[in-house]
Amino acid sequence: MQGERKVLFCVFVAAFTAALFLFAGQARASQKNVLLINSYHKGFEWTDRLTGGIEKGLSESTPEISLFTEYLDTKRISGELHFDHIETLFANKFRKMKFDLIITADDDALNFLYNRAHRLFPGVPVVFCGLSGYSPRYREKIPELTGIVQALGVRETLELALSTHPSANSLYIINDRTQTGESRQEQYLSAVKNLSRPVKVEFLRDYSMDELIRKLASLPPGGVIILHSFTRDRLGQVYNQQAATAMLSEAAPLPIYTCTDGKVGYGAVGGCVSEGMSHGLETAKMALRVLHGEKPSSIPVVENGINPPSFDQRQLDRFGISAFGLPKGSTIYFRPKTILAEFALETAVAVTVITLLFLLVVVLGVNIGRRSRAEKALLRSEKRYRELAELLPLVVFETDLRGRITYLNRFTFHLFDYTPEDIRKGLKIFDVVEEGKKDEVMRNFAGRLRGELGEPREYRLLMKNKSFVDALAYAIPIVEEDRTVGVRGVMIDITGRKRTEERLSQLAQVVEQATEEVVITDARGVITYVNSSFEKTTGYVAAEVLGKSPSVLKSGEHDDAFYKDLWTTIKAGREWAGRFHNRRKDGKLFYEDAVIFPIRSLSGEITGYAGIKRDVTEEVELENLMAQSKKMEALGTLAGGIAHDFNNILSAIIGYAELELKDAPTGERLHKNLSSILAAGGRAEQLVRQILAFSRSRSTQKEIADPAEIAIEALSFMRATLPSTVEIETYFNCPKSVFIDPVQLHQVITNLCANAGLAMRKSGGILRVAVDCVSEAAAGAQESGWGYVRITVSDTGCGIPPGTLDRIFDPFFTTREGGEGTGMGLAVVHGIVTGNGGSFKVESEVGQGSKFYVYLPAVERMPKSKEGKKVQPFGGKERVMLVDDEKSLTELSVEALKGYGYDVTGFTSSASALDAFRADPDLFKAVITDMTMPGITGDRLTREILALRPRTPVIIVTGFSDRLSGERAAQLGASAFLYKPLRMAELAAAVRSGIDKANQ
């Protein structure tokens, strides 16, 4: 009885609705044919639900759709031969049928169609669903293709379970080791790492059914179970997924969630499930978009799947979960029907009919008045539109279906210089576009007529005077009474913007290619841009510094006050200029000059800062070298001045000591004292030679020297100066010699030992001096075949800090306090070693001591001659002129040479001496002259004397001269060039040798 009432009621409603449709005068649209190809067989649960969803979604469509459904049955039979038979069947069955759309369900159906669509259904668009994975290659043979991928909602299900149970602190994931379970295990492992809140996760995999049931029954409260797959247990027993779900749900005290189909309704509470019905409904929606005119290629493929939340009301009740707290749009199965729900159809139809009748009466009552008001409003609206269009500083246009311009606003006429007469003559929108773009404009125009709403396009528009304007065009179809009658749009003049963009592009290229570094930051000092020169200079690529502070380059060489001054300056809107000592990415320090200034907006607000920097490391190093060079030059000048005066003093000391030593009895105290004076004078002479050698003011006297002997001599000299708490150890094992000035080598060893003694003066220690032979490789030199002599001086003192180690060879650098050190010792040592082709190596550790290694090229040691030196006779009776502005030295030299038998006349004025020589050039058989004298210098006096009597022996003596060397003296014609302080025997020998040569 109830069924008959429903039928009669539906018939009445259908008749009444049909009458309304007829009364409204609406006509049915043409029918569409759609072919649905299922991969599997009818009766397969997924396929039936999917097909049901598609049928339901298409059944409510207008126009009416005729759906043809086919099954490939690939769960039972597959392969290309099977597909070939299906192709033959379809070719015969549908040879007279024209389809508007093909829907494929699951992978096999799309793969079947991929290689056969061009033969069976050429040009027919395709929508796929249930696909396990999409690849763009499908569009190679089916260009008009789109669809929905079936993707599991693993992470969505985990988050759904945790949000539904906010107090849950554990997840128990059941996943067997079947192919299906293994293929999804990684997906679960990835998902649990990215959950919105941390929970304990345990995977339940290697269990039999009985073991798993016992495991679930023992789980403590506060957890959630995730069931993915349990169709085969550890013992190999196979289970139907619905049956397995029911068994596990019955045993588990905790709620079970799932993301796979077929479990909700069999014991699972719910999950984000790829459910067939929902999947089918979404596929139908996409199919309708294609049937209504959209191209499948323009519809994005849904690759994340359709996984709406779904729940079982019975399980919700079991665990006390309220439906009100579930996500919006959730599907709830097995809800008990209310009376209203049981008669929902009848209720809805009745309400609809009553509402329609009421509305019909209202519409008929007010329609005439509304139409009148609408017409007036339309006129007012059209007037406002026209007035606004005329005021806009934009191109506003309208065209008919053929592109003829029907309206242009006032701005357009002014911009393009067209007139209304041009419009009346049939000017088309295509006529104002540059020649190469007309086809593109026609295609876009046709698209707008079809209702396609594309992106705005840029065009070059031709003005009446044949010049061009760059414009950005927007257009929409003009629709009147559901019919497209033309196109309406606006164009924005972007000529100025394009030119600005070109200038900015050129400027950007200049900045990018500039040799100076360019850095731009925002107002907070965060880097927003660096150019390529910044990358080359600092070693950082742009990606490493963008978003960071320029402090990544800090070296620690500047204090906080330096940076505070910088920021105070630029924040005040002023320019800052200065020099940075920064650190590159590789850790190396470098210098750069920088100018930093604020960037302001149009309103004057500081929006950022820009810095232009230049690497000046080489310039700074050159400046340091120049400064050091000037210091060395000054030192040389000082050393020369000291040497001249000091040698004069030494000449007097040594000369008078020699004179008195002749008369002192050997063995007497006077003889010993005079010998000590001569020895001290000799050491002073060596010291002056060392000063002059460092300042390069005089040439060194190199010879083959034994480094061990010189080391022993230096240690004997140093023993008295070292603290008594310092013990000396030596090791000499090298049969080779070195070619060097022995005085210089003595100075090297003495300086190193003195520094070692200073390092140990507080706590004492051991000073070790060693001489041995090493290879070129050990000395860091190229192969020569001779090897190197290594001199090692080490101590057990305080050591050298790392920050100081790099500067110990710098001239004037010292760590001693109170002016105790000059800072020249190691600088002199370094100059001597490198000047003789050697090298240095230093090892030091604070608190452990230091080791200095000196490497000098080795030479073969010359055998010592057993014969004594032959003594040449120095005396004579000739008359000799002696000239020196130092009276004491003149008297000394006269007395000493008289002791050798010579008749000596002394002069303290070079002018007087020259007058005496002019008076009688043959009177003096030899001339001895000092180099540095007031009035006439020694070299000038030599030239004057030789001009008067060319073969006169002239001996030039100097304490120091930067004007004259032995070579230049010989060029002047001097017979000898001697350095003070002199040994009188040496001077007498030079006189004798000069006279003898002149007489030959």
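Quick notes on this structure:
- Taken over the range 513-539, residues that are over 15 Å from the mean Cα position of the chain (by Cα), surrounded by fewer than 20 Cβ atoms within 10 Å (Cβ to Cβ) and of a type outside the set (Gly, Ala, Ser) amount to 8.
- For the range 98-106, the criterion of a residue being assigned to a helix (DSSP H, G or I), within 30 Å of VAL238 (Cα to Cα) and either outside the structural domain of LEU248 (by the TED database) or modelled with pLDDT of 85 or more (or both) is satisfied by at least one position.
- Condition check for SER163: assigned to a helix (DSSP H, G or I) and open to solvent by 30 Å² or more (accessible area, probe 1.4 Å): yes
- Of LEU219, LEU171, LEU158, all but one fail to be assigned to a helix (DSSP H, G or I) and either assigned by the TED database to the domain that holds LEU248 or surrounded by 13 or more Cβ atoms within 10 Å (Cβ to Cβ) (or both); the exception is LEU158.
- Counting only residues that are closer than 21 Å to ALA988 by Cβ and either outside the structural domain of LEU946 (by the TED database) or in contact with a Phe, Trp or Tyr (Cβ under 9 Å, 6 or more places away or on another chain) (or both), the range 902-916 holds 2 of them.
- The residue list ASP100, ASP84 contains one member that is within 23 Å of ILE148 (Cβ to Cβ) and not aliphatic (A, V, I, L, M), which is ASP100.
- Some residue of the range 901-911 being in contact with a strand residue (DSSP E or B) (Cβ under 9 Å, 6 or more places away or on another chain), at pLDDT 90 or above and of a type in the set (Asp, Glu): yes
- Matching residues, the range 748-763, being closer than 17 Å to SER844 by Cβ and either in contact with a helix residue (DSSP H, G or I) (Cβ under 6 Å, 6 or more places away or on another chain) or in a helix (DSSP H, G or I) (or both): ASN751, LEU752, CYS753, ALA754, ASN755, ALA756, GLY757, LEU758, ALA759
Okay, residues lined up against (1) of a type outside the set (A, V, I, L, M); (2) touching a residue at least 60 places away in the same chain (Cβ under 8 Å):
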| site | (1), (2) |
| --- | --- |
| LEU507 | no, no |
| GLU512 | yes, no |
| VAL519 | no, yes |
| LYS536 | yes, no |
| ALA543 | no, no |
| PRO550 | yes, yes |
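- Of the residues making up the range 946-983, those that are part of a helix (DSSP H, G or I) and either in contact with a strand residue (DSSP E or B) (Cβ under 9 Å, 6 or more places away or on another chain) or modelled with pLDDT under 80 (or both) are LEU946, GLY966, GLU967, ARG968, ALA969, ALA970, LEU972.
- GLU211 vs. criteria outside the structural domain of VAL264 (by the TED database) and surrounded by fewer than 19 Cβ atoms within 10 Å (Cβ to Cβ): no
- Some residue of the range 190-203 being exposed (fewer than 15 other Cβ atoms within 10 Å of the Cβ), closer than 14 Å to ARG234 by Cα and either of a type in the set (S, T, N, Q) or out of contact with any Gly (no Cβ under 7 Å at 6 or more places or on another chain) (or both): no
- Only one of the numbered conditions (1) modelled with pLDDT under 90; (2) polar (S, T, N, Q); (3) under 25 Å from GLN1000 (Cα atoms); (4) not in a helix (DSSP H, G or I) is violated by THR932, and that is (3).
- Residue among SER975, SER965 that alone is open to solvent by 50 Å² or more (accessible area, probe 1.4 Å) and among the hydroxyl-bearing types (Ser, Thr, Tyr): SER975
- In the range 817-892, counting only strands (runs of 3 or more DSSP E) that sit wholly within it, the ones holding 3 or more residues that are modelled with pLDDT of 90 or more and under 44 Å from the mean Cα position of the chain (by Cα) span 849-859.
Condition check ((1) open to solvent by less than 20 Å² (accessible area, probe 1.4 Å); (2) in a helix (DSSP H, G or I); (3) at pLDDT below 75) across all residues:
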{"residue": "ALA680", "(1), (2), (3)": "no, yes, yes"}
{"residue": "ARG683", "(1), (2), (3)": "no, yes, yes"}
{"residue": "ALA693", "(1), (2), (3)": "yes, yes, yes"}
{"residue": "SER697", "(1), (2), (3)": "no, no, yes"}
{"residue": "GLN701", "(1), (2), (3)": "no, no, yes"}
{"residue": "ALA711", "(1), (2), (3)": "yes, yes, no"}
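- Restricting VAL199, VAL192 to residues that are under 22 Å from PHE311 (Cβ atoms), aliphatic (A, V, I, L, M) and in contact (Cβ under 8 Å) with a residue 12 or more places away in the chain narrows the list to VAL199.
- Among the candidates ALA561, ALA542, the residue that is open to solvent by less than 30 Å² (accessible area, probe 1.4 Å) and either touching a Pro at 6+ places or on another chain (Cβ under 8 Å) or in the same structural domain as GLY604 (by the TED database) (or both) is uniquely ALA542.
- Counting only strands (runs of 3 or more DSSP E) that fall entirely inside the range 251-370 and contain at least 2 residues that are surrounded by 18 or more Cβ atoms within 10 Å (Cβ to Cβ), the qualifying elements are 270-272, 309-312.
- Counting only strands (runs of 3 or more DSSP E) that sit wholly inside the range 481-532, those with at least 2 residues that are outside the structural domain of LEU461 (by the TED database) and either under 30 Å from PHE416 (Cα atoms) or β-branched (Val, Ile, Thr) (or both) are 517-522, 527-530.
- Of everything listed in (1) modelled with pLDDT of 90 or more; (2) farther than 30 Å from LYS328 by Cβ, the single unmet condition for ASN115 is (1).
The values are calculated or read from the model by the stated rules, or taken from the named source; none is laboratory data. Nothing here was measured: the structure is a model prediction, and the numbers come from that model. Neighbour counts run over all protein chains shown; Cβ positions are idealised from the backbone, glycine included. These accessible areas exclude ligands, DNA and RNA; they are computed on the full protein's heavy atoms, side chains included. Shrake-Rupley method; radii C 1.70, N 1.55, O 1.52, S 1.80 Å.
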